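The values are calculated or read from the model by the stated rules, or taken from the named source; none is laboratory data. This one's a predicted model, so the numbers in the text were calculated from it and none came from an experiment. Cβ placement follows ideal geometry from the backbone for every residue including glycine, while neighbour counts extend to all protein chains displayed. SASA here: full protein model, heavy atoms, side chains in, ligands and nucleic acids out. Shrake-Rupley method; radii C 1.70, N 1.55, O 1.52, S 1.80 Å.
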Amino acid sequence: MKINILTLFPKMFEGFISESIIARAIKSEVVEFNIVDIRNYCYDKHKQADDIPFGGGNGMVMKPEPIFRALEDVKGKVIYTSPQGQKLNQQLVKEISEEKEITIIAGHYEGIDERIVEHKVDMEISIGDFVLTGGELPAMIIADAIIRLLPNVIKKESYENDSFFNGLLDYPHYTRPADFNGIKVPDVLISGNHKKIEEWRIRESLKRTYIRRKDLLEKKDLSNSERKILNEIIKELEGQNNEK
Ligand code: SAM
């Protein structure tokens, strides 16, 4: 997959593309990054990328010409990072990960001239109901979430068990030592009984989702056995509440 990112601050991406799983994915050619400095498309003497807003008011607006020009040199769906966009979730990440090439525009200041959004942007994506100084971090978040779903980046079984992939939160994880200062890991995990471990994980995943994110359970189509376990969990939790 090729990811083009249009930004006024290309240096912000240096760490992101040179470390850990993302760096490995680039090295193994699963993903290619093209970080485009919007300023290279500002043809005036001062390379001015922003200007005052029509109608007055605070802040600057990113000018249309450089971004329209930069978009001529890239392909794929155009995503604009914006607090006003569709909120990012795992389903949307999965859909985008199936594209061959995408272009992400990172806004700054008051944002980009609306004519870019109207004429060039296919999708506006928000990473949450809060406002950041720029779209660089959201662009990295979108790219990171996509890349881990690409083939051979991480094990399929690994991301398939992660939160949201199958509509539930992940189960809790523990590593060695089994006893840390007297705090022990659940016995079942060191029992060697794989069937019991699997049952425990399904149960914990359902329990966490029920306690923390009931909204996810409302959307999920539970299997009969999952429904049975969830009913047991609900009874158990109600019992604990009645004891209090
Ligand atoms: N005036 C804009 C508004 O209120 O909708 C906010 C502009 S914000 C200060 C500057 C840039 O940061 C935006 O153009 C966008 O690219 C990015 N940005 C800020 N918050 C974001 C969020 N929650 N999700 C995605 N991008 C965001």
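Some notes on this structure:
- Split the accessible area of the chain by element, probe 1.4 Å, and carbon with sulfur accounts for 49%.
- At a probe radius of 1.4 angstrom, the accessible area of segment 85-132 per residue rounds to 56 square angstrom.
- The chain - percent relative contact order, Cα under 8 Å, separation 6 or more: 18 percent
- Each of Gln91 and Asn58 was given a label point 7 Å from its Cα along the Cα-to-Cβ line. The distance between the two points is 3.6 nm.
- For segment 72-157, applying the loop criterion from DSSP together with a ceiling of 11 other beta carbons within 10 Å to the trypsin sites (Lys or Arg not before Pro) yields Lys100, Lys155.
- Crossing angle, helix 224-243 versus the chain [Cα axis fit, 0-90 degrees, rounded to tens]: 80 degrees
- With all protein chains modelled, accessible area of His173 [1.4 Å, Å²]: 120 Å²
- Amide H contacts of Glu101 (H built 1.01 Å from N, in plane; Pro and chain starts excluded): Lys2, Lys77 sit under 5 Å, all sequence-distant by 5 or more or on other chains.
- Backbone phi angles across segment 65-70, fed through the Karplus curve with coefficients 6.51, -1.76 and 1.60 (θ = phi - 60°), yield HN-Hα couplings of 4, x, 6, 4, 5, 4 Hz in residue order; Gly and Pro are listed as x.
- Cα coordinate range in the chain, projected on the principal axes (Å, largest first): 72, 42, 38
- In sequence order, segment 38-54 has phi-based couplings of 4, 4, 5, 9, 9, 9, 7, 4, 8, 6, 7, 9, 9, 8, 5, x, 4 Hz under the Karplus curve 6.51 cos²θ - 1.76 cosθ + 1.60, θ = phi - 60°, and Gly or Pro positions carry x.
- Surface analysis of segment 153-232 yields an accessible area of 73 Å² per residue, using protein heavy atoms and a 1.4 Å probe.
- Under 14 Å between alpha carbons - lysine pairs in segment 30-184 that sit 8 or more apart or on different chains: 7
- Segment 158-244 - Rg and Dmax from Cα coordinates, angstrom: 14.3, 41
- Residue ranking by accessible heavy-atom surface, 1.4 Å probe, largest first, among Phe33, Phe9, Phe130 comes out as Phe130, Phe9, Phe33.
- C-alpha long axis of helix 136-147 to longest principal axis of the chain, angle in °: 50 degrees
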